[in-house]
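First up is the structure itself, then whatever we jot down about it.
The values are calculated or read from the model by the stated rules, or taken from the named source; none is laboratory data. Predicted model, so just to flag it, every value in this text is computed and none were measured. Note that each Cβ is placed from the backbone with ideal geometry, even for glycine, and that neighbours are counted across all protein chains shown.
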Amino acid sequence: MVKIKYYIFALMWLLRKVLFPVSLVYGLVVYLRNRCYDWGVFRSKSYKTPIICIGNLNVGGTGKTPMVELLISLLQEKYKVAVLSRGYRRKSKGFVLANTDSTVNDLGDEPYQIHKKFKNVEVAVDTNRQNGIAILEKDLNPDIILLDDAFQHRKVKPGFSILLTAFDSLYSSDWYLPTGNLRDSRREAKRADILVITKSPPESSETEHVKIKHKLGPKPHQKTFFSYLDYDRNLQGNGKLKHTDDLKGEKITLVTGIANPSPLIYFLEENGISFEHLSFKDHHNFNAQEIEMIKSKPNILTTEKDFVRLKNEVPSNYIEIKHVFFGNGLEELKANLEEFMNQYS
């Protein structure tokens, strides 16, 4: 099995290199598209409602959903918050506003996760962000709209943008798809108000942070924060285990359908937890055969995003995660958000 995985990885690496000319064409298209917005050939629309965009430049997990959840927790007590996402891999079409009857197929896994967790927050999905915002403003009149995974969608001009990049896969060291993971130009980072280097090792030093800041080269107007993922040791879900300590000595199967499960794997291994890992692609929709195979395992551990797709089929537990900022980063972020919102009062 290890040999097979190695050969698949080697084949994918080779294929990416062979497709380098395609990445040049992709990069040219991205460049021209952005210049058309910069020159006014294409128009970005502004809105009366405060809009915060959360996104990244390269594909792969940078922790966007936990960041949206963090922003909700910081804003919901004082403001009426709405979240708009495209609803990746949902089975519905057009604009959908979450309600008590909504399913993961209606919204997509991440918006559904947010909807179930924050009862007083309006969650909507629409691939057309302009249309989604217009409906939210007309029907719900929120105090603020959080645009999830929208940094590259320039048809909307947000009032405030937060750009995420993972500690071990900085956009500054990446290249365009399909050779690399960039879906937008590195130079577009200048549009962000805040840069957050996520998934930093908790033990990383200030010296390492300074080196990374130098690599990213933030503009004078940009704040740069570092965060790491913190794992709640109290397990959630409909499985029989209640705490990470309960995982020790048990036969555990970790099921992940996320872009980068490495931080979770590291956390489990560091805590002396042995497990079998079933890894699927990001946002994977489990078929009947896979469900039956997973159900045959004694103790299923998964991510929160995967749990919303598995919970009706497979008893399982998941570990909640959240961003924790180094130093006084969280307090500075709160101050930046309040300053932004005061512009609209």
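Residue count for segment 47-63, restricted to those that are touching a Ser or Thr at 6+ places or on another chain (Cβ under 7 Å), more than 19 Å from Thr179 (Cβ to Cβ) and surrounded by fewer than 22 Cβ atoms within 10 Å (Cβ to Cβ): 0.
Show me the helices (runs of 4 or more DSSP H) found entirely inside segment 1-96 where at least 1 residues are modelled with pLDDT of 95 or more and of a type outside the set (S, T, N, Q).
20-38, 64-75
Of all the residues in segment 174-225, those that are farther than 30 Å from Phe20 by Cβ and either aromatic (Phe, Trp, Tyr) or in contact with a Pro (Cβ under 7 Å, 6 or more places away or on another chain) (or both) number 2.
Taken over segment 328-339, the criterion of being surrounded by fewer than 16 Cβ atoms within 10 Å (Cβ to Cβ) and either among the β-branched types (Val, Ile, Thr) or in contact (Cβ under 8 Å) with a residue 40 or more places away in the chain (or both) is satisfied by Glu332, Lys334. When Asp193, Asp148, Asp184, Asp143 are checked against the criterion of being closer than 28 Å to Leu15 by Cα, surrounded by 14 or more Cβ atoms within 10 Å (Cβ to Cβ), at pLDDT 95 or above and acidic (Asp, Glu), a single residue qualifies: Asp184.
Of the candidates Leu146, Leu107, Leu136, the single residue that is in contact with a helix residue (DSSP H, G or I) (Cβ under 8 Å, 6 or more places away or on another chain) and touching a residue at least 40 places away in the same chain (Cβ under 8 Å) is Leu146.
Only a single criterion out of (1) hydroxyl-bearing (Ser, Thr, Tyr); (2) closer than 19 Å to His323 by Cβ; (3) out of contact with any strand residue (DSSP E or B) (no Cβ under 6 Å at 6 or more places or on another chain); (4) not in a loop (DSSP other than H, G, I, E, B) is not satisfied by Ser204, namely (4). The condition of being closer than 30 Å to Asp101 by Cα and touching a Pro at 6+ places or on another chain (Cβ under 9 Å) does not hold for Val156. Among the residues of segment 114-154, those that are of a type in the set (A, V, I, L, M) and over 25 Å from Asn34 (Cβ atoms) comprise Ile114, Val121, Val123, Ala124, Val125, Ile135, Leu136, Leu140, Ile144.
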